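Note sheet for the following structure.
Values in this text are rule-based calculations from the coordinates and carry no lab data. Just so we're clear, the structure is a prediction, and the values are computed from it rather than from any experiment. Note that we place each Cβ from the backbone using ideal geometry, even for glycine, and neighbour counts take in every protein chain shown.
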Amino acid sequence: MGIVPTAEAQKMAVEAGLDLVEVAPNVRPPVCRVMDYGKFKYEQKKKQTQSAKQHQQQVKEIRLRPKTGDHDIEFKVKQARGFLENRDKVKVNVLFRGRENAHHEKGKEILMGVIAALEDIAKVEAIPRMDSGRSMSCVLTPK
């Protein structure tokens, strides 16, 4: 609108049913806008909270056993896929109890199968290895 006297600008804002807001007070002449100030503050607050709500990455855990059935493993892989799509890390554990402890190769096969099933959306952060004697685990992160 160009340079307008303050009284005339206030009159224009009242006629439009809006507010006269000073945008740049340090310049000569000061710059003002005719706008809905309440709506402006609401949108600013909304942008600020939206940027603060960044996703905090978590480590989700999936537990399996050497005797877990194929369908159950597929279901757990589907769950892990959901976690990875939500930008979370996934720790896959194979727990051994009793005589299962003698068959670590079966646990490694299960972990390698899970890694192969999720290789399109995940990369291996920690390779499959034995933890604390009774479990074998690996960690997957989203690509």
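Counting every C-alpha pair in the chain, the share spaced more than 25 angstrom apart comes to 54%. For the stretch 6-52, what does the alpha-carbon gyration tensor say about shape, rounded, prolate or oblate, given a ≥ b ≥ c as the root eigenvalues, a/c under 1.5 as rounded, and a/b over b/c as prolate? Since a/c reaches 1.5 but b/c is at least a/b, the shape of the stretch 6-52 is classed as oblate. Using the structure shown, select from K11/K45; K67/K123; K67/K106; K67/K143 the pairs with a Cα to Cα distance greater than 18 angstrom. From K11/K45; K67/K123; K67/K106; K67/K143, over 18 Å: K11/K45; K67/K123; K67/K143. Just to confirm my numbers, what's the Cα centroid distance between the stretch 65-113 and the stretch 1-32 in Å? The stretch 65-113 and the stretch 1-32 have Cα centres separated by 66 Å.
What is the order of V124, V77, V90, V34, fewest Cβ neighbours within 10 Å to most?
Lowest to highest Cβ neighbour count: V124, V34, V77, V90.
The trypsin sites (Lys or Arg not before Pro) found in the stretch 51-112 that occupy coil by DSSP, while having at most 16 further C-beta atoms within 10 Å, are K53, K67, R87, R97. Springs join every pair of Cα atoms under 10 Å in this Gaussian network model of the chain, and among E22, E61, E109 the largest mean-square fluctuation is at E22. Backbone geometry of the stretch 127-141 corresponds, through the Karplus equation with coefficients 6.51, -1.76 and 1.60 at θ = phi - 60°, to 3J(HN,Hα) couplings of 5, x, 8, 6, 9, 5, x, 10, 9, 10, 9, 8, 10, 10, 10 Hz, x marking Gly and Pro. Calculated mean residue ellipticity, 222 nm, the chain: -13000 deg cm²/dmol, from DSSP H runs (n ≥ 4) at -39500 (n - 2.57) each, averaged per residue and rounded to 500. Using C-alpha pairs below 8 Å separated by at least 6 residues, the relative contact order for the chain is 18 percent. The 3J(HN,Hα) values that the Karplus relation (6.51, -1.76, 1.60; θ = phi - 60°) gives for the stretch 59-65 are, in residue order, 9, 8, 10, 10, 10, 10, 10 Hz. Gly and Pro appear as x.
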